[in-house]
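Below you'll find the structure, written out as structure tokens, and then a few comments.
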Amino acid sequence: MSIASNLGFPRIGPDRELKRALEEYWAGRSSAAELASAAADIRRANWHRQAGLGIEHIPSNDFSLYDHVLDTAVMLGAVPQRFAQRTTLDDVQRYFAMARGLSDGRTTVPAMEMTKWFDTNYHYIVPELDAAQELHPASTKPIDEFEEAKALGITTRPVLLGPLSFLRLAKNHRTAQPTLAFLDAVLPVYEQLLARLHAAGAAWVQLDEPCLVLDLTSEQRRAYQSAYERLGTAGPRVLVATYFGDLGKNLATALSLPVAALHLDLVRGPGQLAPALHRIPDSMSLSLGVIDGRNVWRADLDAALARLAQAARALGGERVLVAPSCSLLHVPVDLASEPALDDELHGWLAFATQKLEEVATLTTALRDGPSTVRAQFDEARRARERRRTSPRTHDHAVRERERAITEDMLQRAPYGERRELQAEALALPLLPTTTIGSFPQTAELRRVRAAFRAGHVTRNEYDTFLRSRIQQAIRFQEDAGLDVLVHGEFERNDMVEYFGEQLTGFAFTQHGWVQSYGSRCVKPPIISGDVSRPHPMTVAWATFAQSLTSKPVKGMLTGPVTMLQWSFVRDDLPREEVCRQLALAIRDETVDLEAAGIRVIQIDEPALREGLPLRAQGWRNYLRWAVNAFRLASSGVADRTQMHTHMCYSAFDDIADMLAYLDADVLSIESARSGMELLETFARVDYQNAVGPGVYDVHSPAVPSAQAIEALLGRALEVLTPEQLWVNPDCGLKTRRWEEVQPAIRAMVTAARTVRAQHEHGTVARAAAAPTRVG
């Protein structure tokens, strides 16, 4: 009999219960015991929900208070010394200190680095490995949660991040030695945990190895083989889960592992099924991810069943597990929470709960025949046909405009020429200071916004309130001494949703929350049709802010690639084409901002690196259309208008050669947590445009000192010239409190002025000698 299976369920709760519990604990308004109780409530509800939907392999240990990679580091005892030596911290405090950093007013302990989980908008904490660490089973969380579910009458399949993927995602904190060197230290810990889970009654354990879809060396492939020769016989039956792509050349390695089952993502890699069926050993079952765990569209049940039936004919139904393509962490919890969606769109969608209903339906069809679930299949077919023929999915004018794009629309003058024009127009000092865009979204601001949306506050009252906050932000920035100001983005609930609400082709949910990191949740818009900009979106707010000051105010926009990546994108049109539509809309806005007198415009593209295909063979094509989309969006303005972009929490080595072609006048990046390590990339490619490496970690409550920022600027100046260097935080400040932001910004300005004074005497000579290439 085929098995209905799931790889992971959203952790945040249907109404973001985890977010509220975490923030109450961090604020000191609740205890660790109360946080643990709230977490247990979420887990219990998730397990009962999945059991009620007919899922037979229900995951446990897929829940996390902050991040599952951080959980794995703690489980292995891989705690950096700067946290381990803080003996006054209990285990919960130390866990959150690793994720968020520490500050007691006198000393600051930096958080561990954070970066993107493959090509998703989820962020994980980067493990730090050190030969001085004594790895050992330091957490019983996987066992505790298995037994917790068992006490409820639910036998789960515990989920662990596999050892090879853990090591691939980690960094060696002390040396350049590959993290694979730690494998012999890691494996005994996994063996002990698997043995304890087996003794507790776990029949199956799921080991996630998403790194199997990456490019691997021969040494790495051999390491998978040797590791699983030990783990495959450590106790429970092992399911190795791969996802986010086709295994490609690694398929043979995966099929040779001595494990009970292998999970394949057939949404991202449908072509791997046939070769897998041809080569699979008789002892192995296949878990087939036929329901999209990354997007919200209803499945084509007929196509999914055809793939499952192909596998069942080759293997027998008892060796087939039916599953989503990956963990459902990346989609909202339940479509039933969206009564405000119109009936047409509602019928096209499936959230985590509905996706598991699709898994159960397919499992029944595979076991008992499609006729037993004919009604579900008929409704799925009708929904797909309604979507295919709906007028809301196609706009002839948008398609025609897209076809009319020319190469000239992607070009500006060479950077050297633009730099001289912008220097004359803006008259900025050496090492100019700015922020990335947003200022704190306070509780008061959120209350007023909610009251406006509920109709309790009029548009005029709401706009008056927002203008008062913009005025306060401008006054603070002037007083702090920033050189290029921002209006603070108080009118924006989210950097993607805000724009999507003003574009055609977008739809929105009320409760479609997805975890980004920790307590940070986002509510991705849904791109359901062709995209265009009916009217200006930001011009009124930018010009109001500019009217309050003689200093330049940046117009703040979200770029086309980020709009694409951070939305649930339509799957009936190539992503490249959707991105061009978005770029044209943003281009229209930049032109209007410039016409209104805005001399600096920032188009944020934090997701550009995130969208890079996981294997190198797909990079060139993606970077071509992604970078061209940014150039299309940013090249409609005059050369004296300064165009900025921002990218955060990304490894830039893979796209370094394309950064020059992106050709933003100023590129700001996250770099505080990594101690400016990212700048090595810019040195390697001899990058000539201006760069603003972040000097203030906005994802930590710690307030940096001016001296600490000076040290970071000193490291930056080992790679960049003073004429290239901008000074800014890592990212936007919307999630921080004013009590943290104000001293941090003042420290940043103080540090910039100190370093500026040390270099200003050489400005004229350096400017005369500055290179003018790039374009």
Find all pairs meeting these conditions: Cβ atoms under 9 angstrom apart; at least six residues apart or on different chains; first residue within region 695-708 and over 17 Å from R756 (Cα atoms) and touching a residue at least 24 places away in the same chain (Cβ under 8 Å); second residue open to solvent by 20 Å² or more (accessible area, probe 1.4 Å) and of a type in the set (F, W, Y). H699/Y517; P701/W26
Which ones in region 600-627 are surrounded by fewer than 22 Cβ atoms within 10 Å (Cβ to Cβ), farther than 16 Å from W566 by Cα and of a type outside the set (F, W, Y)? L614, R615, A616, Q617, G618, R620, N621, L623, R624, V627
Of the residues in region 672-698, those that are of a type in the set (G, A, S) and surrounded by fewer than 24 Cβ atoms within 10 Å (Cβ to Cβ) come to S674, G675, A683, A690
Of the residues G559, G555, G636, which is among the small types (G, A, S) and open to solvent by 10 Å² or more (accessible area, probe 1.4 Å)? G636
Working carefully through the options A199, A227, find the one that is open to solvent by 10 Å² or more (accessible area, probe 1.4 Å), small (G, A, S) and touching a residue at least 24 places away in the same chain (Cβ under 8 Å). A199
Of the conditions (1) open to solvent by 20 Å² or more (accessible area, probe 1.4 Å); (2) assigned to a helix (DSSP H, G or I), the single one that Q177 does not satisfy is (2)
Among the residues of region 2-56, what is the count of those that are basic (K, R) and assigned to a helix (DSSP H, G or I)? 5
Can you tell me which residues in region 171-230 are over 20 Å from L129 (Cβ atoms), among the aliphatic types (A, V, I, L, M) and touching a strand residue (DSSP E or B) at 6+ places or on another chain (Cβ under 8 Å)? L194, L197, A202, A203, V205, L212, V213
Has region 466-473 got at least one residue that is open to solvent by 10 Å² or more (accessible area, probe 1.4 Å), touching a residue at least 60 places away in the same chain (Cβ under 8 Å) and outside any loop (DSSP other than H, G, I, E, B)? yes
What residue, among those in region 176-219 that are over 26 Å from S327 (Cα atoms), under 28 Å from the mean Cα position of the chain (by Cα) and polar (S, T, N, Q), is modelled with the highest pLDDT? T217
Which residue pairs have Cβ atoms closer than 8 Å, lie 6 or more positions apart in sequence or on different chains, and pair a first residue in region 50-70 that is under 17 Å from S287 (Cβ atoms) and open to solvent by 10 Å² or more (accessible area, probe 1.4 Å) with a second residue that is part of a loop (DSSP other than H, G, I, E, B) and among the charged types (D, E, K, R)? D62/R11
Residue that is open to solvent by 10 Å² or more (accessible area, probe 1.4 Å) and touching a residue at least 60 places away in the same chain (Cβ under 8 Å), where the choices are T442, T435: T442
Selected residue (only one of T253, T233, T217, T242 is open to solvent by 10 Å² or more (accessible area, probe 1.4 Å), hydroxyl-bearing (S, T, Y) and touching a Leu at 6+ places or on another chain (Cβ under 8 Å)): T253
Among the residues of region 543-582, which ones are part of a loop (DSSP other than H, G, I, E, B) and not polar (S, T, N, Q)? L548, K551, P552, G559, W566, V569, R570, D571, D572, L573, P574
Inside region 342-357, can you point out the residues that are open to solvent by 20 Å² or more (accessible area, probe 1.4 Å) and either modelled with pLDDT of 95 or more or touching a helix residue (DSSP H, G or I) at 6+ places or on another chain (Cβ under 9 Å) (or both)? E344, H346, Q354, E357
Which residue out of R399, R384 is basic (K, R), farther than 30 Å from D730 by Cβ and surrounded by 15 or more Cβ atoms within 10 Å (Cβ to Cβ)? R384
For region 160-171, indicate whether the set of residues that are open to solvent by less than 30 Å² (accessible area, probe 1.4 Å), under 22 Å from L18 (Cβ atoms) and in a loop (DSSP other than H, G, I, E, B) is non-empty. no
Of the residues in region 583-617, those that are small (G, A, S), assigned to a helix (DSSP H, G or I) and farther than 25 Å from S516 by Cα come to A585, A595, A616
For region 112-130 the number of residues that are β-branched (V, I, T), more than 25 Å from D184 (Cβ to Cβ) and outside any loop (DSSP other than H, G, I, E, B) is 1
Selection from region 413-432 of residues that are open to solvent by 20 Å² or more (accessible area, probe 1.4 Å) and in a helix (DSSP H, G or I): E417, R419, E420, L421, A423, E424, A425
Of the numbered conditions (1) over 20 Å from L557 (Cα atoms); (2) without any contact (Cβ under 8 Å) to a residue 40 or more places away in the chain; (3) more than 27 Å from the chain's Cα centre (by Cα); (4) in a helix (DSSP H, G or I), G455 fails exactly one; give the number of that condition. (4)
Scan region 710-722 and report the pairs whose first residue is closer than 15 Å to I669 by Cα and whose second residue is open to solvent by 40 Å² or more (accessible area, probe 1.4 Å), with Cβ atoms within less than 6 Å and a gap of 6+ or a chain change. V719/A683
By residue number, the members of region 400-412 that are without any contact (Cβ under 8 Å) to a residue 12 or more places away in the chain, of a type in the set (K, R) and not in a helix (DSSP H, G or I) are none
Tell me the residue from D368, D292 that is farther than 22 Å from V159 by Cα and of a type in the set (D, E), please. D368
Is it the case, given these coordinates, that L321 is open to solvent by less than 10 Å² (accessible area, probe 1.4 Å), under 23 Å from I55 (Cα atoms), under 24 Å from the mean Cα position of the chain (by Cα) and of a type in the set (A, V, I, L, M, F, W, C)? no
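The values are calculated or read from the model by the stated rules, or taken from the named source; none is laboratory data. Model, not experiment: these values are computed from the prediction. Glycine also receives a Cβ, built like all others from the backbone with ideal geometry; neighbour counts cover every protein chain displayed. Note: accessible area is taken over every heavy atom of the protein model, side chains too, but ligands, DNA and RNA are not part of it. Shrake-Rupley method; radii C 1.70, N 1.55, O 1.52, S 1.80 Å.
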